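The values are calculated or read from the model by the stated rules, or taken from the named source; none is laboratory data. Here the structure is a predicted model, which means the values were calculated and not measured. In this analysis, Cβ positions are derived from the backbone assuming ideal geometry, glycine residues included, and neighbour counts consider all displayed protein chains.
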Amino acid sequence: MVDILTPIPGDPVEAPVLEDLEDLTVESKSPTQLALRRYRHHRAAMISSVVLLIIALACVFATFVAPYGENEAIKSPDGGLRNEILVPPNSQFWFGTDSIGRDLYSRVLYGGRVSLFVGIASAISAGLIGTAVGAFAGFRGGKIDNGLMRFTDLVLGLPLLVILIIMRLLPEKQPWAATVLGEPGSKRLMVTLITLVAWTGTARIVRGVVLSLKEKEFVEAARAVGASDKRIIVRHLVPNTIGPIVVSLTFIVALAIGLESTLSYFGFGLSPTQSSWGNLLADAGTNVITGKWWLILFPALILLITILCINFMGDGLRDALDPKQEQKVI
Amino acid sequence: MARFIGRRVAWAIPVLLIVTFLTFWAVKSATDPVQSFLRINTRATPEMVEEYKVKHGLIGSTPEQYVHWLGNFVTLEWGNSIKGNRPVWPDLKAAMVNSLVLGLTASFVGITIGLGIGILSALRQYSKFDTAATGAAFVGISMPPFVSAVLLQVFFAIMITSWLNLDKPFLPVAGIYPPGQTEFDLWLRMKHMILPVTVVAIQIIAVYSRYMRASLLDVKGSDYMRTARAKGISERKVIMHHALRNAMIPVVTVAAIDFGAIVGGLIITERIFEFRGTGDYLLTALGNGDFPQIMPLMFIIVSSIIIFNLIADLAYAWLDPRIRLG
Amino acid sequence: MTLPVLSVRDLHVSFPTPDGLVQAVRGVSFDIAQHELLGVVGESGSGKSVTFLAVMGLLPKRAIITGSIRVGGQELVGAPDDEVRKVRGKRVAMIFQDPLTALNPVHRVGAQVVEMILAHQDISDDAANAKAVELLDLVGIPQPDVRARQYPHEFSGGMRQRVVIAMAIANSPEILIADEPTTALDTTVQAQILDVVQNVQHELGAAVAFITHDLGVVARIADRVQVMYAGRVTERGEAHDIFLRPTHPYTRGLLTSLPDANLDRLIPIPGAPPNMLRPPSGCAFRIRCPYAADVCAGEIPELKPFGAIETACVRVEEIAAEVSA
């Protein structure tokens, strides 16, 4: 119900009240250095970067880090199967084990790979599409722009989950959809679906930037010197859009991970053999009522922390790369 | 202004038809009513299948089927569900009422608190309150609703109950009423709504507080704020009359759009708390491939969104005179 | 000699920033009398705007302000907020640079003028509305009763600025501060606005501070001129004295750098304005001054009379001799 795809305007860095003030301190630093400095200022983003790096590395190198296999049911020393009865304050199974006896910690690590992959892949493809559409709309302006914006409005407005579920069901019933979009339960399908709904945010942002840049004097100046459209786009517009695009991509990663976990939890996501965090939470399901709290807590915490870190980093990047944010709401 | 309204409305109708047609096509492809019919009625003869197809207009091309369905929809002949052969409308109506109650309550609570926090955050930027509120908002946004729902369930129904040694859960976690309750009981109703509303409100508060904060900060740095102060009026008046008046514009527009989505229910929250709203209804229907149940609801949802988008546009124009001439 | 309406003594304004203390205004003193228009000239960063924002009490709370600002005898530095608010908009009013952004886009123009009136005058709404229309008429807006009900975006730049002026004079202020009111406007419109300002001054008998970096504008309307650089006043005197016989090297540089069709190239002042976090010792202009000597790096030069002009240059006599030689 809450529209998380509308770009949430960031905090305008406290604008100096007086234009004079900016001119009073002339420092020569390159834009990259300034951006880095601003990012370092954002404490939450810095901490998040470190935390996320640790998580990401642990997950990527799960094969080396995880004490047990992804689907390995651990046998008790006396030959039988160890079950979910195990409690975490256990030095052997840091997160406890699940109903089949698999080590939750290892599964969380392996699951991270899946979730992170889905997140990043979705962000990249959504970003590409969004940038292309947004730049096109912004540059051409007029009716094309209008039409595209109304279209994205509509996509943004429809209930996200409903669309995703319907689209998720398509490949099950229609073979052509499975070939085009991806097999049900596959990562490819998930990435495709998320991309289809997530590109709109980036499109809006890029369109906004391009629109505002179009009017700026340096574009006029470039034209006056005889630069072609293509040169203007590449040399002038693109460098200025990279910042907002990167910020947008970051937030899409967070969104994608959230969506994937939600869909998987309800069975509309990845096939249960893939241990994404959403699937882990789905596995936990009814066990929680009987008191096996660790099955829910650890995947949930890891999910929350990862998404939180990504969001903080996105905020930090926004401060760093886009200090005078234009607020485009509609 | 009238022209503005007229144009927007004229746009809305074809959009409505196109989108609902696409939805029709998508849902039909995704659920395949004939297959569903066969699944439920495993011993149906070919004649029965044909009869079913004719009765539900499932012959001919997709546009033809759409038109046929639309005709039935508009004349309120919504037929029966595939599973259980129940009339669609009564169940749908009950679900809609539940979702509306849940959605409106959560919106009211969430938006008021969210705006309040956002305003205070912006006015006391970088203060401890602001940092705390920002942190909390980020957590709220980062937590997928099903996570907060499940965590709250675990905490309130299981943990607290066992800590306080109660025999009944501290807060109900399922259903609109305790099992067996058929009469309307305000207290019970409210008690069962506490957790679901909280889950939804958390998200709303998080988003709206950030939105309001950003909008107000944006406005606070405007030149006309300086002009307003230069008049020597009280700071309170400056904030209320100038800052808020401008800062509310984008917020109101977003809220209008959000209201359009209420009728669609909240799939996650409703499912987890077994709250029989339209979200839960839809989820079940999609799971069953129950086309007659799905389509009317989808049409209502799409219409609601388009209508409220329209309202949002109009509200924006009303609040911001610069838009009116566009 | 009329009593000065605005009297500023030894004003210092600094801003704490993450990089250190920015010294925007470093000891500025001046008077403006009734009926007098003081043109305040300087580059961006000279402190000219900050000085007058301090007079209006519009600087952010973190600004550190010392010195004295007296409006008709009432001391404003250190005065409690509500006292300052009573003065702001009533005894001192300000016209800002960009009329497009200076007006609230969602309020009708008439209402914004009325707000100014009702902030300081206890009259009925109807009376205020009538007065607002009168004011719009006074600044030369045609059909003022109709236009009062319109929104700012329905006005052209020049018309908007007239509205801003109407708002500023609504309570017949004793002091009117115009902060680069013509910079954002076309040259033809500039001339009109200058006329309006002069008319208004004539009507009110107000003391006017006209801040600008445009020497042409100053030459046209100023009685006296004050040149500022790096947070200090470098030269002050009657307008025609300053233009015909400038004494300070900075003022000379400014006048020489004016575009002249007879020249092949522009003659700018070499260098850039100083970093106000760490202004140069002594005379801040010495880094760019063609006449700089060792003595200039010593004490910060004070404004001293030199003929009919006040100049802050320790080498002023030597330079004058050099130039006329």
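Out of all the residues in region A:32-56, which are surrounded by 14 or more Cβ atoms within 10 Å (Cβ to Cβ), modelled with pLDDT of 85 or more and more than 17 Å from the chain's Cα centre (by Cα)? Within region A:32-56, A:Ala44, A:Met46, A:Ile47 qualify.
Within region B:312-326, the residues that satisfy the criterion of being among the small types (Gly, Ala, Ser) and crowded, with 16+ Cβ neighbours inside 10 Å are B:Ala312, B:Ala315, B:Ala317.
The requirement of being more than 21 Å from the chain's Cα centre (by Cα) and either within 11 Å of another protein chain (Cβ to nearest Cβ) or crowded, with 18+ Cβ neighbours inside 10 Å (or both) is fulfilled nowhere in region A:187-196; no residue meets it. Every residue in region B:286-312 that is of a type in the set (Gly, Ala, Ser) and at pLDDT 85 or above, please. The answer is B:Ser303, B:Ser304, B:Ala312.
Taken residue by residue, region C:64-85 has no member that is at pLDDT below 95, of a type in the set (S, T, N, Q), under 29 Å from C:Ala130 (Cα atoms) and not in a helix (DSSP H, G or I). Here the condition is being within 25 Å of A:Pro175 (Cβ to Cβ), in contact with a helix residue (DSSP H, G or I) (Cβ under 9 Å, 6 or more places away or on another chain) and hydrophobic (A, V, I, L, M, F, W, C); of B:Val109, B:Val49, it holds for B:Val49 alone. Candidates are the residues of region B:39-89 that are aliphatic (A, V, I, L, M) and exposed (fewer than 11 other Cβ atoms within 10 Å of the Cβ); the one that is modelled with the highest pLDDT is B:Val74. Within region C:56-84, residues that are within 24 Å of C:Leu21 (Cβ to Cβ) reach partners that are assigned to a strand (DSSP E or B) and among the aromatic types (Phe, Trp, Tyr) with beta carbons closer than 9 Å, at six or more positions or on different chains, in the pairs C:Leu59/C:Phe15; C:Pro60/C:Phe15; C:Arg62/C:Phe15; C:Ala63/C:Phe15; C:Ile64/C:Phe15. Every condition in (1) farther than 30 Å from B:Asp32 by Cα; (2) among the β-branched types (Val, Ile, Thr); (3) at pLDDT 85 or above is met by A:Ile233 except one, and the failing one is (3). Residues that are more than 11 Å from chain A (Cβ to nearest Cβ) and crowded, with 23+ Cβ neighbours inside 10 Å occur at least once in region B:293-311.
Scanning region B:239-258 for residues that are closer than 30 Å to B:Ser303 by Cβ and either without any contact (Cβ under 8 Å) to a residue 24 or more places away in the chain or in contact with a Cys (Cβ under 8 Å, 6 or more places away or on another chain) (or both) yields a total of 0.
For B:Gly287, the requirement of being without any contact (Cβ under 8 Å) to a residue 40 or more places away in the chain, away from chain C (no Cβ under 14 Å) and more than 30 Å from C:Ala119 (Cα to Cα) is met. Residues in region B:116-168 that are within 21 Å of B:Val219 (Cα to Cα) and more than 10 Å from chain A (Cβ to nearest Cβ): B:Gly116, B:Ile117, B:Gly118, B:Ile119, B:Leu120, B:Leu123, B:Arg124, B:Ser127, B:Phe129, B:Ala133.
Residues considered: C:Ile69, C:Ile65, C:Ile123. Of these, the only one that is among the β-branched types (Val, Ile, Thr), closer than 24 Å to B:Ile239 by Cα and more than 9 Å from chain B (Cβ to nearest Cβ) is C:Ile123. As a summary of the residue check, A:Leu128 satisfies the conditions (1) over 25 Å from A:Pro272 (Cβ atoms); (2) at pLDDT 85 or above; (3) touching an Asp or Glu at 6+ places or on another chain (Cβ under 9 Å) except for the one numbered (3). Among the numbered conditions (1) surrounded by fewer than 22 Cβ atoms within 10 Å (Cβ to Cβ); (2) assigned to a helix (DSSP H, G or I); (3) away from chain C (no Cβ under 14 Å); (4) in contact with a Leu (Cβ under 8 Å, 6 or more places away or on another chain), tell me where B:Met212 comes up short. For B:Met212, the failing item is (1).
A residue that is over 20 Å from C:Thr234 (Cβ atoms) and in contact with a strand residue (DSSP E or B) (Cβ under 7 Å, 6 or more places away or on another chain) occurs nowhere in region C:38-48. Highlighted here are the helices (runs of 4 or more DSSP H) found entirely within region B:1-107 that include at least 2 residues which are touching a residue at least 24 places away in the same chain (Cβ under 8 Å) and over 30 Å from B:Ile176 (Cβ atoms): B:2-31, B:33-40, B:62-74. Residue under question is C:Ala24, and the condition is that it be more than 13 Å from chain B (Cβ to nearest Cβ), farther than 24 Å from C:Phe285 by Cα and either touching a residue at least 40 places away in the same chain (Cβ under 8 Å) or surrounded by 17 or more Cβ atoms within 10 Å (Cβ to Cβ) (or both); does it hold? Criteria not met by C:Ala24. A single member of C:Leu136, C:Leu100, C:Leu118 is farther than 17 Å from B:Ala228 by Cα, out of contact with any strand residue (DSSP E or B) (no Cβ under 6 Å at 6 or more places or on another chain) and in a helix (DSSP H, G or I), and it is C:Leu136. Would you call B:Gly279 at negative phi, modelled with pLDDT under 85 and within 11 Å of another protein chain (Cβ to nearest Cβ)? In short, no. Close Cβ contacts (under 7 Å, 6 or more residues apart or on different chains) running from residues in region A:19-44 that are within 13 Å of chain C (Cβ to nearest Cβ) to residues that are modelled with pLDDT under 75 and surrounded by 13 or more Cβ atoms within 10 Å (Cβ to Cβ) comprise A:Glu22/A:Pro16; A:Arg38/A:Pro323.
Looking at region B:229-261 only, could you name the residues that are within 7 Å of another protein chain (Cβ to nearest Cβ) and assigned to a helix (DSSP H, G or I)? B:Arg229, B:Ala230, B:His242, B:Arg245, B:Asn246, B:Pro250, B:Thr253, B:Val254, B:Ile257, B:Asp258, B:Gly260, B:Ala261 - these are the residues of region B:229-261 that are within 7 Å of another protein chain (Cβ to nearest Cβ) and assigned to a helix (DSSP H, G or I).
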